[in-house]
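The values are calculated or read from the model by the stated rules, or taken from the named source; none is laboratory data. Everything numeric in this text was worked out from a predicted model, so none of it was measured. So basically every Cβ, Gly included, is an ideal-geometry build from the backbone, and we count neighbours across all protein chains shown. Remember, those area values only see protein heavy atoms, side chains included, never the ligands or the DNA or RNA. Shrake-Rupley method; radii C 1.70, N 1.55, O 1.52, S 1.80 Å.
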Amino acid sequence: MFRILILFLFTISSINLSAEIRGITWLENNPETNESTDILDVINPVSGRDVDLNYDDANELAHDPFPESPENNSESITNPFQLQSLSQFATPDYYTPDQHEISYKKISKDYKSRIITMAMKDVVKDKCRPYHLNNKLNGITNDKDYIIALRRYFKSCDRKLINGLRGKYSDLLKLGYRKYNVLDNKNAHSFRLEFDNNESIEGYLALKPGKVRPLVIVKCGVFCNGKSSSTNDMITTALYDSGPFHVMMVANHTGPKNIHDNARVNFGGFIEGQELMQIAKWAKKDSYFKKYINEVHVLGVSLGGHAALYTSILNEYLDEKIISSVIGYCPVVDIQDSVYDVTARGLIGPIVSHVVKKLIRDNFDNIPDLKNYFNSDWKTNPKTMASKLAKVNSNYVRSLDSSEFMQPYTNIEVEGADHLMDLGDFISQAKKVTTPTFVWASKNDPIVINKRNSGKLEKAFPYPTKNKNIQVLNVKKGSHCSVFESYDYKTASTILNNFFIRNSKSLQKSKTRHVASINYKQPKLNHGEKYVTPRLLTFPNFDKVVIQYKIYTGPPYMNPFYAPDRSFRYETVEIPYDILPFKVDVPTSKVESQVLTRWLNSNISFKRDGQLLIKSKQAPNQFEWTTF
């Protein structure tokens, strides 16, 4: 039995929602039960994951998994972990020269065990560097100019960020191979939130020690139980490992365990958006860890993006806004078209419909209303599956007390499936969204079809205005939620973090740029060679930081970005941690070293006399980094 740790009960005068949060239960970080799934894992035959139908209860934690509230010390940089330095030497035996980026032809052999370090693969044109993009965006105050700058960047740099094979299915394949055990992080923990209507939702919370920070609540996509999955891992590495944010991942209502635990069929932002608002209010005002949090932002992935977009609507009707900004990442915008697309069309439809049939079969006795629309043999035509699921969904919503819905939906009685689907059309209801809302999608998305979702949204809101603060970025590549692979990981992370930081009053206030001299011996060049941007690597229990220099040895007339591997050589320098111009501790596990490596490469820039080092005959002589 779980002992429910009821931390706070609360009433919210400005919110009407039938299910308030009753309490939180911390769950054991069991690696055998903490793998989730999402649609990328479902359609990826080599991801090594299947739909998670493990409903076994995890063991209760007998103690609070997080330490006391940290002091806010703005004078020094804080390591993503509270680590203890150990003198034990451990040989970094899993390092390879291209650990952060394995070529496509080597995927089946090498890719699965690797995790990117957020270092650029090679040199690109100066204007396309994420460092310069970040500085340009930081100098823009007008939201219209901001989205124009991003669109121009991708128009100019689309083929200059990744020199390799890109495709809507190959990029899904590559993303599915990324492996990162988020819950091996001692500052991340699984939880279950219980609501007073006896429903519940699971996820994980990752708190960065050292300072009070903004929290990003991430609503994951279809079939996601709120644990580790391909997409969840990438978002967490971008915002938590590399960025200045706490991250709370919450399950989707279509997650197999969420369906089983709550015995209902529900999908889309109409209800899940209200639930997200309730979680945000609780986390900020009434949770035990509220003392760690000064703001709340929301990011939604795929189907979870639909819920995130609805928080931007709901936020407008509160006396005091809960949400500071919203990102819809490859989001569903029109729920009706998207559910039909994903179950009945293209190469993806048969795979997803098969998974849905399995979920119907597994919950046939658990959810009685399924028997009104599906036969016991579960042989459902994919063409009619979406409409039947919408009917079951609408029956669930109709069973709720509409007087307790949030504004602007209070007392709206859902008349049926068609009415619920109309309420799931974000565009028709987003006319007065002033909460900063950023939508990032790909034109070659094979799952959430762009022209019926974000493409249509961009036509309706081509540019943000004071009363319609919706900024839409539709890029050429990216497949479904795979811009980290289709372009460059550091670029993708830079954009997500920049938008949230831009709309964070606390981070804008504490943001500080630092420059320090490099005072260790660096590799010497031979005649005609040039330095390429170095990268930093750390390893468990190894008391030195490894700085790898990639040195261009090819013809002087060739752009190194297009040069083959044989045109480079590598040299490494090992430096003690105390030589770095800021304090970090030696990592004690593989995950800790991965996180620290990502943090260093995303935040440290090598410069020569104030200029970013890209291809230079002279060694870098400065570090630059930013603290918050």
Completion exercise
Among 338, 353, 325, the single one that is at pLDDT below 90, under 30 Å from residue 484 (Cβ atoms) and among the hydroxyl-bearing types (Ser, Thr, Tyr) is 353
Exercise for the section: Please enumerate the residues belonging to segment 218-229 that are of a type in the set (A, V, I, L, M, F, W, C) and assigned to a strand (DSSP E or B). Expected result: 218
Problem - Among (1) open to solvent by less than 60 Å² (accessible area, probe 1.4 Å); (2) in a loop (DSSP other than H, G, I, E, B); (3) in contact (Cβ under 8 Å) with a residue 60 or more places away in the chain, the one test that residue 520 misses - result: (3)
Practice task
Can you run down the residue pairs with Cβ atoms below 8 Å, 6 or more apart or on separate chains, where the first is in segment 559-570 and at positive phi and the partner is among the acidic types (Asp, Glu) and open to solvent by 50 Å² or more (accessible area, probe 1.4 Å)?
Solution key: none
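Residue by residue, here is whether (1) among the hydroxyl-bearing types (Ser, Thr, Tyr); (2) more than 30 Å from residue 571 (Cα to Cα) holds:
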{"site": "434", "(1), (2)": "yes, yes"}
{"site": "446", "(1), (2)": "no, yes"}
{"site": "465", "(1), (2)": "yes, yes"}
{"site": "501", "(1), (2)": "no, yes"}
{"site": "516", "(1), (2)": "no, no"}
{"site": "529", "(1), (2)": "no, no"}
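Residues are listed down the side, and each one gets a yes or a no for (1) at pLDDT below 90; (2) in a strand (DSSP E or B); (3) open to solvent by 10 Å² or more (accessible area, probe 1.4 Å); (4) among the polar types (S, T, N, Q):
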position	(1), (2), (3), (4)
154	no, no, yes, no
173	yes, no, yes, no
179	yes, no, yes, no
191	no, yes, no, no
204	no, yes, no, no
216	no, yes, no, no
Problem - Test: residue in segment 112-130 that is modelled with pLDDT of 75 or more, on the phi < 0 side of the Ramachandran plot and within 20 Å of the chain's Cα centre (by Cα) - result: yes
Fill in the blank from the handout: Residue hits (segment 557-578; modelled with pLDDT of 85 or more, within 22 Å of residue 620 (Cα to Cα) and out of contact with any strand residue (DSSP E or B) (no Cβ under 8 Å at 6 or more places or on another chain)) are 578
Practice task
Look through segment 463-477, keep the residues that are modelled with pLDDT under 95 and either of a type in the set (S, T, N, Q) or out of contact with any Lys or Arg (no Cβ under 8 Å at 6 or more places or on another chain) (or both), and return whichever of them is nearest to residue 328 (Cα to Cα).
Solution key: 469
Handout entry: Wholly within segment 409-511, helices (runs of 4 or more DSSP H) carrying at least 3 residues that are farther than 26 Å from residue 275 by Cβ and not aliphatic (A, V, I, L, M)
Key = 454-460, 483-486, 489-502, 505-510
Fill in the blank from the handout: Of the listed residues (253, 297), the one being buried (at least 24 other Cβ atoms within 10 Å of the Cβ), within 28 Å of residue 371 (Cα to Cα) and in contact with a strand residue (DSSP E or B) (Cβ under 9 Å, 6 or more places away or on another chain) is 253
Exercise for the section: Would you check which residues across segment 260-269 are outside any loop (DSSP other than H, G, I, E, B) and surrounded by 24 or more Cβ atoms within 10 Å (Cβ to Cβ) and list them? Expected result: 269
